[in-house]
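Right, one structure below, let's go through it.
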Amino acid sequence: MPKPSIVSPTAGAGGLLACVCFLLGAALSACGGGSGSGGSSPEPVVKRLVDFSTSPVCIGADADYTAATAPPDTISTMAPAPAPFQGQGWRLSGTNRSDDLFIYAKCRLVGLKPQQSYRVEFAVDFLTSAPSGCAGVGGAPGEGVTVHAGATAQEPMTQLNGNGYFRVNLDRGNQTLGGTQSQALGHIGNSVSSCTQQQFAAKTLAPAALLQTQADALGGIWLHVGIDSGFEAYSEVYLRSVAATFTPLAR
């Protein structure tokens, strides 16, 4: 039986690998009205940063295809950044043969309050050479490829469903639409490349948050970020960082 391609030289047996990501900072923004009242203090806002210049231990995978349309060349792993940039990033690349290819990375975050519900905001910084405003097969090379990000207590896994498709086991929506467990942040098109000449440029996507999640019993969360393609050709981006802000919700 075919299985999803997973490119991760660090993935352990069973494919489960926790990632303790670097602390961006805990915002100790306590709300007023707590002195002498005897009431419980509000939970702090928590910020986490996955910095791909420092080789975090994450897992790469892909999804949204059948055995007949499986991509031959997907990559989801650490790699040197493309010129003119230096350092390294997390490379997400591959050829969309199914009209719907999702390539992603997942990392485990820790240090949240166990079983606390949060509103999550994402800011994804990446490098892309995809042009904007250009036509392409099935979709545009820039606007036809959407960045998705999510945070769930459940580990994202690519699984074969009853219809013969390899799908992620989350309600993450599809392409330009987000789901209850993943948010569509925007497209990969930059303002530097032309339709005939491409050049890598930095881009950041940080839309208003709509996503809600809950930490697991150990205070952990699985973060995933990837590109969801309706462009039926080759796409390539390099993630530089993913920042996640967790704002606690009232119980």
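Please name all residue pairs, on different chains or six or more residues apart, with Cβ atoms under 9 Å, provided the first residue is in segment 161-172 and is among the hydroxyl-bearing types (Ser, Thr, Tyr) and the second residue is open to solvent by less than 70 Å² (accessible area, probe 1.4 Å) and outside any loop (DSSP other than H, G, I, E, B).
Tyr165/Ala63; Tyr165/Tyr65
Looking only at strands (runs of 3 or more DSSP E) that fall completely inside segment 84-179, which ones have 3 or more residues that are of a type in the set (A, V, I, L, M, F, W, C) and surrounded by fewer than 24 Cβ atoms within 10 Å (Cβ to Cβ)?
Because the criterion is at least 3 residues that are of a type in the set (A, V, I, L, M, F, W, C) and surrounded by fewer than 24 Cβ atoms within 10 Å (Cβ to Cβ), the strands (runs of 3 or more DSSP E) in segment 84-179 that meet it are 117-128.
Can we say Gln199 is farther than 17 Å from Thr95 by Cα, open to solvent by 30 Å² or more (accessible area, probe 1.4 Å) and touching a residue at least 12 places away in the same chain (Cβ under 8 Å)?
yes
Only one of Asn169, Asn174 is within 21 Å of Phe102 (Cβ to Cβ) and modelled with pLDDT under 90; which?
Within the list Asn169, Asn174, the selection yields Asn174.
Looking at (1) open to solvent by 30 Å² or more (accessible area, probe 1.4 Å); (2) within 19 Å of Ser76 (Cα to Cα); (3) not charged (D, E, K, R), can you tell me which one Ala206 breaks?
Only one criterion in (1) open to solvent by 30 Å² or more (accessible area, probe 1.4 Å); (2) within 19 Å of Ser76 (Cα to Cα); (3) not charged (D, E, K, R) is unmet by Ala206, namely (2).
Just to check your reading of the model, which residue among Gln115, Gln159 is of a type outside the set (Val, Ile, Thr) and on the phi > 0 side of the Ramachandran plot?
Just one listed residue meets the conditions, Gln115.
The values are calculated or read from the model by the stated rules, or taken from the named source; none is laboratory data. Keep in mind the model is a prediction, meaning the values are calculated, not measured. Every residue, glycine as well, gets a Cβ built from its backbone with ideal geometry; the counts of neighbours run over all protein chains shown. Areas reflect the complete protein model, heavy atoms only, side chains present, ligands, DNA and RNA absent. Shrake-Rupley method; radii C 1.70, N 1.55, O 1.52, S 1.80 Å.
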